[in-house]
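Accompanying notes for the structure given below.
Read-outs throughout are calculated quantities, based only on the coordinates presented, and are distinct from any laboratory measurement. Here the structure is a predicted model, which means the values were calculated and not measured. Cβ sites come from the backbone with ideal geometry, for glycine too, and all protein chains shown count toward neighbours.
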Amino acid sequence: MIEQDIESRADIETLLQQFYGKALTDPVIGYFFTEVVPLNITTHIPVIADFWETILFGKAAYKGDAMKVHRQIHQLSAFRDEHFKRWVELFQGTVNELFAGPKAELAKQRAESIATLMRIKTVHGALHRSNKII
Ligand code: HEM
């Protein structure tokens with residue numbers, strides 16, 4: 001049984017490496033990372049780690065606009081409901097494999113709520129607004 005919670009940036013990086021290891025080869029969402037916006041994992045993981053440090057530890061590390069990035073991806077290749085469902089399944093499954101505790105729960109909740117917001121703003125149409133999420 002896993003007893004370790006997400007406690008540090010190193011833990012976030014471990015989580016992200018495992019998650020993207022699965023996401024890149026996933027039959028439902030893999031092509032976004034390999035064909036739509038070929039992902040440079042070395043430059044991408046530090047940016048996403050900043051994002052999660054901001055969410056989980058309140059550190060003002062992330063300076064980007066994740067909603068804008070995903071609106072742009074949606075314009076290149078349309079997101080569908082099942083893409084977000086799969087993303088959340090993979091992310092939450094990876095958290096469960098590695099961590100347990102309040103921060104692990106928070107990460108799973110925020111992944112789901114942000115995915116829902118992104119899904120509504122992209123798949124369900126509200127493309128015109130400014131949607132900065134953090
Ligand atoms: C259908 C589901 C999703 C797909 C296919 C997807 C795919 C991608 C891709 C292709 C990139 C661009 C990478 C690059 O420019 O190098 C990206 C960036 C990113 N994604 Fe997602 N994403 C999804 C959902 C999410 C969700 C739900 C979150 C947050 C909970 C998230 C967080 C991020 C962040 C923080 C970035 C970096 C943005 C930046 O460059 O500032 N993604 N995603």
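Quick look at the numbers
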| read-out | value |
| --- | --- |
| Nearby lysines by direct alpha-carbon distance to Lys63 (threshold 24 angstrom, same-chain neighbours under 8 apart not counted) | Lys103, Lys108, Lys121, Lys132 |
| Computed magnitude of the charge dipole of the chain (debye, nearest 20; Cβ of K, R +1, Cβ of D, E -1) | 700 debye |
| Cα-based helix-to-principal-axis angle, 41-57 vs the chain, degrees rounded to 10 | 70 degrees |
| Length-normalised contact order of the chain in % [C-alpha pairs under 8 Å, at least 6 apart] | 36 percent |
| ³J(HN,Hα) computed for each position of segment 107-116 - Karplus, 6.51 cos²θ - 1.76 cosθ + 1.60, integer Hz, glycine/proline x | 4, 5, 5, 5, 4, 5, 5, 5, 4, 5 |
| Acute angle (nearest 10 degrees) that the helix 9-23 long axis makes with the longest principal axis of the chain, alpha-carbon atoms | 50 degrees |
| Viscosity 1.002 mPa s, temperature 20 °C, Stokes-Einstein D of the chain from Kirkwood C-alpha radius, µm²/s | 140 µm²/s |
| Extreme residue, positive dipole direction of segment 9-122, given options Gly30, Pro46, Gly58 (C-beta unit charges) | Gly58 |
